[in-house]
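Visitor: Below: one structure in structure tokens.
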Amino acid sequence: MGVVSISPLKRTRLNLVGNILFMVGMSLFAVGWAHLIKTLTTKYILTPVVELGNGKVQVKVSPGLYICNIDKGYSAFLNLLKGRAGVIISRVPPEILRKRLNLEKTPILWLTKVEGGKTVHPHRLEFLLHTLVDFMKRDSTSKIILLDGLEYLVLENGFTPVFKFLTALKDHAVMNNTIIVVPIKMDAFDEKELSLLKREFGELNI
């Protein structure tokens, strides 16, 4: 009849195994949720450090957000870093970028979907905004931010959310004596998008 006879002892053992598997499954589920919550609530504290010294002559640029051609982004940042506290957000891993730019103390956040270290997921625009605004407000030091990887952010979020993110950053930069450099590939945007970027943000030519 397809009926299997199970002794009370076997039934007890099967129930015990089932309960153990259930508890293990629930434990793994709880650990997974705890890890997710921790990831979503982690806040990086970016300490302002003037790596190139206050004795350096600062290049005079008004606070705000500026776009520039992608091949000029790093050189513009290094020129503006003199006498200012800086931070870099980039698609390039921090250890590679530090060697390339010869920087030791300037904080670098890696824009990536890979977790670990000081990384920022491209979908977490609100988190990135809060992190950078906190950096701007931390003290009265003049500051410079390099936001590299705009095309990647647009690819992951769409142009409109990223544009709103940039306008919010710009307003905070003006209020907190901060210069934000955003290198872009001009041909990566259509005519309307590029026109909006140029109209809202200044172009940096240094």
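Visitor: Take the residues of segment 73-130 that are of a type in the set (Val, Ile, Thr) and under 10 Å from the mean Cα position of the chain (by Cα): which is nearest to ILE145 (Cα to Cα)?
Guide: Among residues in segment 73-130 that are of a type in the set (Val, Ile, Thr) and under 10 Å from the mean Cα position of the chain (by Cα), the one nearest to ILE145 (Cα to Cα) is ILE88.
Visitor: Another question, if that's okay. Is at least one residue of segment 98-115 outside any loop (DSSP other than H, G, I, E, B), closer than 22 Å to SER62 by Cα and touching a Leu at 6+ places or on another chain (Cβ under 7 Å)?
Guide: No, because not a single residue in segment 98-115 is outside any loop (DSSP other than H, G, I, E, B), closer than 22 Å to SER62 by Cα and touching a Leu at 6+ places or on another chain (Cβ under 7 Å).
Visitor: Okay, next question. State yes or no: is VAL61 buried (at least 16 other Cβ atoms within 10 Å of the Cβ) and either at pLDDT below 75 or part of a loop (DSSP other than H, G, I, E, B) (or both)?
Guide: Yes.
Visitor: Something else now. Look at segment 79-100 and say how many of its residues are surrounded by fewer than 19 Cβ atoms within 10 Å (Cβ to Cβ) and of a type in the set (A, V, I, L, M).
Guide: 2
Visitor: In the list ALA188, ALA173, which residue meets the criterion of being surrounded by 13 or more Cβ atoms within 10 Å (Cβ to Cβ), modelled with pLDDT under 95 and not aromatic (Phe, Trp, Tyr)?
Guide: On inspection, the qualifying residue turns out to be ALA188.
Visitor: Exactly one of (1) modelled with pLDDT under 75; (2) assigned by TED's automatic domain parsing to the domain that holds ARG199 is unmet by ASN69. Its number?
Guide: (1)
Visitor: Which residues, taken from segment 154-197, are charged (D, E, K, R) and touching a strand residue (DSSP E or B) at 6+ places or on another chain (Cβ under 7 Å)?
Guide: Within segment 154-197, just LYS170 meets the criteria.
Visitor: If you don't mind, there's one more thing I want to ask. Considering LYS185, LYS192, LYS164, which residue is in contact (Cβ under 8 Å) with a residue 24 or more places away in the chain and among the basic types (Lys, Arg)?
Guide: LYS185
Visitor: What number goes with the only condition from (1) over 17 Å from the mean Cα position of the chain (by Cα); (2) closer than 21 Å to VAL92 by Cβ; (3) among the acidic types (Asp, Glu) that GLU151 does not pass?
Guide: (1)
Residues checked against (1) surrounded by fewer than 18 Cβ atoms within 10 Å (Cβ to Cβ); (2) in a loop (DSSP other than H, G, I, E, B); (3) touching a Lys or Arg at 6+ places or on another chain (Cβ under 8 Å):
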position	(1), (2), (3)
HIS123	yes, yes, no
HIS130	yes, no, yes
VAL133	no, no, no
MET136	no, no, yes
LEU146	no, no, no
GLU151	yes, no, yes
VAL154	no, no, no
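The values are calculated or read from the model by the stated rules, or taken from the named source; none is laboratory data. Worth saying up front: this structure is predicted, and the values here are computed from it rather than measured. Here Cβ is always computed from backbone atoms with ideal geometry, including for glycine, and neighbour counts include all displayed protein chains.
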